[in-house]
Amino acid sequence: MNPSALSREPEGNEARGSEIRKRWMLVVMLAVIISANVSVGARAPIADFSPECNVCKYDGNFMFEGDVLNLSEPCAQVACSASCSSVTVVGCPAPEGAQGGSKTENEWPHCCSGVKSRIECNTRGY
């Protein structure tokens, strides 16, 4: 048997092993990222539309074309435009002078005072 062929075989196995380790690490990293996103408890409200019926559905709330909902949970104002297959959502902070829902029911924009961003603001630049 050729000695040089023997010395190359482990290198081939090492290269395959290295590739397998890289792929395995990628799978592990993706699993960690996915589980971190799930464990935060964040959820995205779902929007759906029926242009034929002029109806929108947002996070379990049904609205007719042109309706505006001021919600307290999540703290947002939601407007239905079924004819355009869209729902417009305005969150916090509310635009200056925003008109909204009931203060006693803590509806948008009144609920904005209790909303804290999960994103740290860095005004010094990156």
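Values in this text are rule-based calculations from the coordinates and carry no lab data. The model shown is predicted, which means the values in this text are computed figures rather than measured ones. All Cβ positions, even for glycine, are placed from backbone atoms using ideal geometry, and neighbour counts span all protein chains on display.
Quick look at the values:
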| item | result |
| --- | --- |
| For peptides 90-98, 102-110, sequence by mean Cβ density within 10 Å, most packed first | 102-110, 90-98 |
| Distance in nm between pseudo-label sites at residue 83 and residue 22 (7 Å out along the Cβ direction from Cα) | 5.5 nm |
| Radius 12 Å from Cβ of residue 58, net charge of other residues (Lys, Arg +1; Asp, Glu -1) | -2 |
| FRET efficiency, residue 48 to residue 99 (Cβ-Cβ, R0 35 Å, nearest 0.05) | 0.85 |
| Relative contact order (%) - criterion: Cα under 8 Å, at least six apart; region: the stretch 47-114 | 27 percent |
